[in-house]
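Written out below as structure tokens is the structure these notes cover.
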Amino acid sequence: MPGHANRPAGSPAAGGPAFLAVGKVRRPHGVTGDVLVELYTDFPERLQPNAVIYAGETHNPLTIRRQRTHNDGVLLAFDDFTTPEQVGRFRNQMLYIVLADAVELPEGEFYYYELLGLSVLDESGKPLGKVTEIMQTGANDVYVVTDDAGHEILLPAIADVILDVDLDSEIMKVHLLPGLVEDGDRDS
């Protein structure tokens, strides 16, 4: 039941974000205006020359001039920015794509923004709360479900736990494995 690391941001459009984060600029690199980007996407191939991405909260459009892999991220250069001083303004800013340009995921896979806010029910239909956060642990994601009283349940995003995700109804049905919830927590 994987999610994808594209993080939501931007103005909501029809209930969802207008932009998806694909990375974060760390710092300028070299002397020709490259920036080191930490990737937040499972689809880095979309960050190719001539692609347009958007920087920062104002979604400043940038056209990619050059891209190459570097350690765990990528180095990007943008049209009209040729010095470290010029690209320094993008340090620690998020990079986005327009949601309409997002890769369509296979059935059963979801972007994080689609899961956040879903109502979570156990197998009997008892409400457990809403998905308020998604933690990346390496082995599998963990969905943080928070009830009205602020109690949290940590649900591993595995097939044995996540039974169904219905985006139209905004409901996630789950099977609570022993130990995920204290018996007293379910009665409160």
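The values are calculated or read from the model by the stated rules, or taken from the named source; none is laboratory data. Because the structure is a prediction, the values reported are computed rather than measured. Reconstructed Cβ throughout: ideal geometry from the backbone, glycine too, with neighbour counts over all protein chains shown. With ligands, DNA and RNA removed, areas are computed over all heavy atoms of the protein, side chains included. Shrake-Rupley method; radii C 1.70, N 1.55, O 1.52, S 1.80 Å.
A few remarks follow.
- Count of segment 99-128 residues which are among the aliphatic types (A, V, I, L, M), free of Cβ contacts under 8 Å to residues at least 60 places away in the same chain and touching a strand residue (DSSP E or B) at 6+ places or on another chain (Cβ under 6 Å): 4
- Scanning segment 124-170 for residues that are open to solvent by less than 70 Å² (accessible area, probe 1.4 Å) and of a type in the set (S, T, N, Q) gives Asn140, Thr146, Ser169.
- Residues (at pLDDT below 95, over 24 Å from Met135 (Cβ atoms) and open to solvent by 40 Å² or more (accessible area, probe 1.4 Å)) located in segment 7-29: Ser11, Ala13, Ala14
- Residue check for Val131: touching a helix residue (DSSP H, G or I) at 6+ places or on another chain (Cβ under 7 Å), within 25 Å of Tyr40 (Cα to Cα) and β-branched (Val, Ile, Thr): yes
- Total residues in segment 39-55, condition of a type outside the set (A, V, I, L, M, F, W, C), modelled with pLDDT under 95 and surrounded by 14 or more Cβ atoms within 10 Å (Cβ to Cβ): 5
- The condition of being in a loop (DSSP other than H, G, I, E, B) and either touching a residue at least 24 places away in the same chain (Cβ under 8 Å) or over 15 Å from Leu99 (Cα atoms) (or both) holds for only one of Thr63, Thr41, that being Thr41.
- Selection of segment 66-102 for residues being in a loop (DSSP other than H, G, I, E, B) and surrounded by fewer than 16 Cβ atoms within 10 Å (Cβ to Cβ) yields Asn71, Asp72, Asp79, Asp80, Thr82, Thr83, Arg91, Asn92.
- Condition check for Leu154: of a type outside the set (Gly, Ala, Ser) and touching a Leu at 6+ places or on another chain (Cβ under 8 Å): yes
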